[in-house]
Each structure stands twice: as structure tokens, then as C-alpha cells.
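The values are calculated or read from the model by the stated rules, or taken from the named source; none is laboratory data. Because the structure is predicted, anything quoted here is derived from the model rather than measured. Here the Cβ positions follow ideal geometry from the backbone for every residue, glycine too, while neighbour counts run over all protein chains shown. Just so you know, the surface numbers come from the protein's heavy atoms only, side chains and all, with ligands and any DNA or RNA stripped out. Shrake-Rupley method; radii C 1.70, N 1.55, O 1.52, S 1.80 Å.
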Amino acid sequence: MATFRTGQQTHQAVLPQRPALESVPADTPRIGNETGHGHHHQVVPGVEHGRGETTSTSSGAGGVTPEPSRAGEQHREVHTKESQAYVFVLDKHHVPLQPCPPARARKLLTKGRAVIARHTPFTIRLKDRTVADSQIDGVEVGIDPGSKHTGIAVFTTQAGQRRARYALQLDHRGAAIGKKMGRRAGYRRRRRSANLRYRAPRFLNRTRPKGCLAPSLRHRVDTTVGWVDRLSRWAPVRAVHLERVAFDTHTLSAGRPLAGVEYQQGTLVGFEVREYLLAKFGHTCVYCGATNTPLNIDHVHPRSRGGSDRISNLVLACIPCNQAKGNTPVEGFVTSRRVLARVLAQVKAPLRDAAAAQSTRWALWRSLDRRLPTHVGSGGRTKWNRTRNQLPKSHTLDALVVGKVEAITETVEKILVAGCTGRGSYARTRADKHGFPRLRLPRTKHFFSFATGDLVRAVVPKGKKAGTHTGRVAVRASGSFNITTAHGTVQGINHRHVRLLQRADGYAYTTGKEQGVSSRP
């Protein structure tokens, strides 16, 4: 059992941090419990109390919110305003220029100086300007990779302050890819078992190259890199900031407070340990299963009885369980064999999903580093930056605060959500549950110059479906299309009423408010 405190002075070039665990024996009866009664902690800016894992802070839009400060430091004020997402701009030769506000883009379109180059993300092209006649400061891209969603933020940087210009949430389809790969394997397994003739073993083609990723994982890397390439074609991207690791493994494996130059090799020690444990145990007490309650760090094998501070000996416990356990061994505290077996197995079990995300992050970093200057940071630092800037939790805001940043002065109100849908299937048949073909599809995918997945707008003048419908289209050879809009699917729209807005590119686009923006006071 241990608490997080700030009793030592850190190196000047390193972020304010606190040791992962105190060196005093916190499990001994004279120390009591780790609820912090009778102790006065110094507060690090942006760092929550060791017990306050479930608390959150928020700031008003455009307001001034003081931030907790350490002893001897002045209060830090956070100024963050919300603005509309910027518009990407191209010159007359399709070379990216500095993004502009929507009002500026509207004036250029009204005066006839620009035309619409792309519908989503909205991009204009100037007809009377080139790169040589423009001032380009450049933008940077922040990426917060995840297993299901990846946050991407486009921002400008000046004197360590970041101003968000565009935000994108990329929804992956790794689960769907894994399911289809399993289905394909089942079809092949059935064909091999049904055909009983002798087949010579073909083992030389079974090996995989070193560093090979499964298709569901490779998909996350390819789509994220593809969007960075797209943004580089629409905006003057100068650098990329990537959350390469979720936790600083150097500080986790050390098992002791780092000091001096070791702090530079592993930063945010206490934050890394707490974030790792919260992710591993799902913000839940391992003993009683309590959630939505302050949690403490507990030693499975007490330090007073020879237990270590390594991450493999740490779990999360609520305050009542933490106090009741004290320096009692886990075998004496947990009476149920089933619960004891679960706790011990959970302590030894690694974060499998996190391990998969880690391998994806490294592959993503290697791919991006060959394209643009790429700066990396850890997940613990990302949360530290987000908390000290009084920002809510979201994928796009995490992407905005990745890496080294002093302050966030501007965020966007709305984000673009790009869901990976794929580009269709090469197969021209549909199989039944036994793997036999039951339906033959047409060999062509285009009908009346439209393809399934195109972004269209249909203006129906009369009838039950009268009105304007904008969304993705599903085509038929009969010319009666279905259009999926934000309000549902409209069936039976004649192709004569449909106008093309943007060709299908493998993504379905929607817009939404930045998470946490509407909840700010």
C-alpha cells in the first residue's frame, strides 16, 4: 500500500512529477493506511490526488480557470476558447496553403476567387494565388492511436502554445476484419476436410516475416498513415506528434523512485504507474469489485513482509478494503479461493489489448518517421497535459495534447468522424452457412455513373420521399437507389434525382460536437 506525494525536487528540465511509491514501509501498522489522513500533500499542477482517480475537472469555454499549484509556485491560469474548424486551402496548382477560418472561405467562394475542391473534409482551391504569393506558417498533426478509435488533431504552434485548427476521429474496423478472416479460415478448413485426397504438405509458405502484423492490426496502421498523407496533401504539415507508448516502461520496471539524470530517461513516474494500474484493472477494486469510488494502490504481498514495489506486486483497492487489509498477506485477507485465484491471476496477466496497441504504435511510428519529422510521447504525459490544461477526455483532445506542450489556447467545436467502411468485396458471390455460393452478384459495381458508397445529394420534388436527402448511396441495376442519411435510410430514390458530391473513398463521414464541450459550464 502506498500513496503518491511530492517530497523531492525534480530536475529543472523535467516535468513536475512525483515518485511512484514512497520508500517508507506503508504496510506497517504504525503507518496506518494510505488514505492520506494526517498528511499534507503538495499538489503538482494538473495532477490529481492519489485517491482521486474518479474525479474530473473542467473549465468554462473562453474563461479563466486557476490551476492547483505546488508550494512556491504561482497559480497558473488556463485560457482556452472554442472556435469553428478551419477550412483547408489549395492554391491554383493544388499545392496546400495555410488553412483559413470558415468566414474567410465563404467570402472567397462568394467573390468567385475560389472553388470547392472537396466536400469532406471541406477544401477550397484558389483560382488567383500560388504558393509563391502566400505566407505559409505550417501546421502540425497530433495522433492519439487506439484499438477502436484514433484521434487526429491539426494545430498550429507558437511559443509552446497550440491552437487547434481541425479535429478528426478515425473509427477502425479491426473487429470486422478479424471476424471476416475467421470466416474465411472456416471456409478453407471445410474445403480441406471435405476433399480427402492426399495433398503434399506446403510448409515453406507458412512463415511470416519478422515484425508482421495481423490484418486487423495492420489496418489500424495503414488507415492512420493514409490520413496523415491525406492531410499533407491538403495542409502544409511540418511535423507529427505521436503517442508511441501508453506507459513509460522504464519507470515501471525500475520499481523505485528515479532521481537525477534517471528522471530524464523516465518521466512522470507516479502518473505512469497509476495510469497503468487503472487501465489494467478497469478502475475497479480487485477485492470487492467496487467502481466509481476513490482507489488506492495496494501491495499484494506487503512490503513489511518482503514485498517489492514492482508493478507485478501492485493492485487497485478501494479505501475500505485497503484499510481492512493493512499489512495482512493476501492469502489471509481473501477468504474465498475463487476470489484469491482471480486476484493472483489478474496480477500476473498482462494487458493483452494494450500489448496489441503497443505493437501497433511502434509500427505506426516507423511508418510515419519515414514521411515526416515525428515526435513521440507517452500516454501518461498526454493525460498530464490534458489535466493541467483543464480539458475533458476525448480522442481528439488527447491528440491535441500529445508530447511537449505548454498550453492549449484554442479548441474546435465540431469534429469529423470518419468510419472505415472498406471499398467493397472482390467476391461476386454470397455464401451460405456451409460455404457454398448461393447468390451471384453483377460483375460491375457502377450503375448510372454511381457506385455504392458515393456521397450524394438527392432532391426529390414530390411524393412520399419529397425533400433533400444527403448521404451515402447503395446502387442497384434497376436505378432505384437507397441513401443512408444521418436520420436513417431512404429507399427507392430514382437515379435521376441523385447528384454526386464526392466519390467513395472507403469512409463514412459524420460530424459531431467535441466530447465534453457541451458539458462545460
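When region 219-241 is examined, which residues are found to be assigned to a strand (DSSP E or B) and either crowded, with 20+ Cβ neighbours inside 10 Å or in contact with a Cys (Cβ under 6 Å, 6 or more places away or on another chain) (or both)?
Quick first cut of region 219-241, residues assigned to a strand (DSSP E or B) only: 237-241.
The answer is VAL237, VAL240, HIS241.
Scanning region 98-113 finds no residues that are touching an Asp or Glu at 6+ places or on another chain (Cβ under 9 Å), assigned to a strand (DSSP E or B) and crowded, with 19+ Cβ neighbours inside 10 Å.
Of the listed requirements (1) assigned to a strand (DSSP E or B); (2) open to solvent by 60 Å² or more (accessible area, probe 1.4 Å); (3) not charged (D, E, K, R), PRO442 misses just one: (1).
Here SER425 fulfils each of the conditions (1) in a helix (DSSP H, G or I); (2) within 30 Å of HIS497 (Cβ to Cβ) apart from (1). Taking the condition in contact with a His (Cβ under 9 Å, 6 or more places away or on another chain), hydroxyl-bearing (Ser, Thr, Tyr), surrounded by 13 or more Cβ atoms within 10 Å (Cβ to Cβ) and farther than 30 Å from GLY186 by Cα, does THR409 pass? Yes, satisfied.
Taking strands (runs of 3 or more DSSP E) that do not extend beyond region 479-521, which have at least 3 residues that are loosely packed, with under 15 Cβ neighbours inside 10 Å, of a type outside the set (Lys, Arg) and at pLDDT below 90? Before you say what the answer is, go through the steps one by one.
Values: elements: 480-485, 488-494, 498-502, 507-513.
Where strands (runs of 3 or more DSSP E) fall fully within region 479-521 and carry at least 3 residues being loosely packed, with under 15 Cβ neighbours inside 10 Å, of a type outside the set (Lys, Arg) and at pLDDT below 90, they are 507-513.
What's the total number of residues in region 140-188 that are open to solvent by less than 50 Å² (accessible area, probe 1.4 Å) and within 21 Å of ARG366 (Cα to Cα)?
Step one: list which residues in region 140-188 are open to solvent by less than 50 Å² (accessible area, probe 1.4 Å), which gives 140-146, 150-156, 160, 162, 164-172, 174, 176-178, 182, 185-186.
With within 21 Å of ARG366 (Cα to Cα) added as a condition, the list becomes 140-146, 150-154, 170, 172, 174.
Going through region 140-188 one residue at a time, the tally reaches 15.
Residue pairs whose Cβ atoms lie under 6 Å apart, sitting 6 or more positions apart in sequence or on different chains, and linking a residue in region 412-439 that is closer than 24 Å to TYR166 by Cα to a partner that is surrounded by 11 or more Cβ atoms within 10 Å (Cβ to Cβ) and hydroxyl-bearing (Ser, Thr, Tyr), are LYS414/THR511; ILE415/THR396; LEU416/THR511; VAL417/THR510; ALA418/TYR507; ALA418/TYR509; CYS420/THR223.
The set of residues in region 273-300 being more than 17 Å from CYS321 (Cα to Cα) and open to solvent by less than 10 Å² (accessible area, probe 1.4 Å) consists of VAL273, ARG274.
Across region 264-293, which residue is nearest to THR335 (Cα to Cα) among those that are among the hydroxyl-bearing types (Ser, Thr, Tyr) and at pLDDT below 80?
Going through region 264-293, the residues among the hydroxyl-bearing types (Ser, Thr, Tyr) turn out to be 267, 276, 284, 287, 291, 293.
Still in the running and at pLDDT below 80: 267, 276.
Working: THR267: 39, TYR276: 27 Å.
Only one residue tops the list, namely TYR276.
Of all the residues in region 460-487, those that are in contact with a Gly (Cβ under 8 Å, 6 or more places away or on another chain) and either farther than 21 Å from ARG428 by Cα or of a type in the set (S, T, N, Q) (or both) number 9.
Within region 301-338, the set of residues being open to solvent by 20 Å² or more (accessible area, probe 1.4 Å), modelled with pLDDT of 85 or more, part of a helix (DSSP H, G or I) and in contact with a helix residue (DSSP H, G or I) (Cβ under 8 Å, 6 or more places away or on another chain) comprises ALA324, GLU331, PHE333. The single condition among (1) at pLDDT 65 or above; (2) part of a loop (DSSP other than H, G, I, E, B) that SER216 does not satisfy is (2).
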